[in-house]
Amino acid sequence: MIMKYQKKISNITNGFTIIEILIALTISIILFLIITNVYSISQNAYVQTDIRAEISQNGRVILDRLIRELRQTQDIVTTIPETNVDPDAMPDEIMFQDGHDTTIIKYIRYYLDNSDIRRQIIVYYFDDNPGEYTYWYTTDPVGNPPSMEILEDKIIGEYVYDLEFWGDDLININLYLLKNNKTATINTAVYGRNL
């Protein structure tokens, strides 16, 4: 009977000790913290990459449209400096004649409005004949300039904090973008085919 009692006691003592439980808990907590940290770092990297991709894509969309239309123009209205030596002299907007639709004399203006790039379609006319559009520099017989009307004004891009133009035959464009403290700068240049 004593043997049976000793056997029961030895079966009870075969469990985990407090030290073993503490070691297992400590290892589990450390593994949990490592996994959580790795997940957090990967999520942060994903978000940062997504933000940079978004602002870069936004910049490409803006410039693709602007370049396509600027390449076809016959006349640039905005005075653009030949060099970028003086940053204050470079305009943050450009207006030019629409070269795609030659049946109507109209102008396209790209400009910075807070953090958005907006695109306007503008026409000029004389008050005595509002249905007939004319060039921006035309004057009536008395020497009065034409009236201006904005036919369309819409946002084509966002997250922009600066836009610069300079050049002579080759128009250089700098586009500066910013979102959540992440920046991107896109530089390009375009020749006007019809200038």
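The values are calculated or read from the model by the stated rules, or taken from the named source; none is laboratory data. Note that this is a predicted model, so its numbers are computed, not measured. Reconstructed Cβ throughout: ideal geometry from the backbone, glycine too, with neighbour counts over all protein chains shown.
Structure notes:
- Residues of the stretch 164-195 classified as among the charged types (D, E, K, R), more than 18 Å from Thr79 (Cβ to Cβ) and assigned to a strand (DSSP E or B), total: 2
- Residue in the stretch 105-117 that is in a helix (DSSP H, G or I) and in contact with a Gly (Cβ under 8 Å, 6 or more places away or on another chain) present: no
- No other residue among Glu132, Glu164, Glu152, Glu158 is modelled with pLDDT of 90 or more, more than 30 Å from Glu54 (Cβ to Cβ) and among the charged types (D, E, K, R) apart from Glu132.
- Assessment of the stretch 115-138 against the conditions (surrounded by fewer than 16 Cβ atoms within 10 Å (Cβ to Cβ) and closer than 19 Å to Leu163 by Cβ) yields at least one matching residue.
- Scanning the stretch 144-163 for residues that are under 15 Å from the mean Cα position of the chain (by Cα), part of a strand (DSSP E or B) and surrounded by 13 or more Cβ atoms within 10 Å (Cβ to Cβ) turns up Ile156, Gly157, Glu158, Val160, Tyr161, Asp162, Leu163.
- The numbered conditions (1) modelled with pLDDT of 90 or more; (2) of a type outside the set (Lys, Arg); (3) over 36 Å from the mean Cα position of the chain (by Cα) are all true for Thr79 except (3).
- Residue in the stretch 45-61 that is assigned to a loop (DSSP other than H, G, I, E, B) and at pLDDT below 90 present: no
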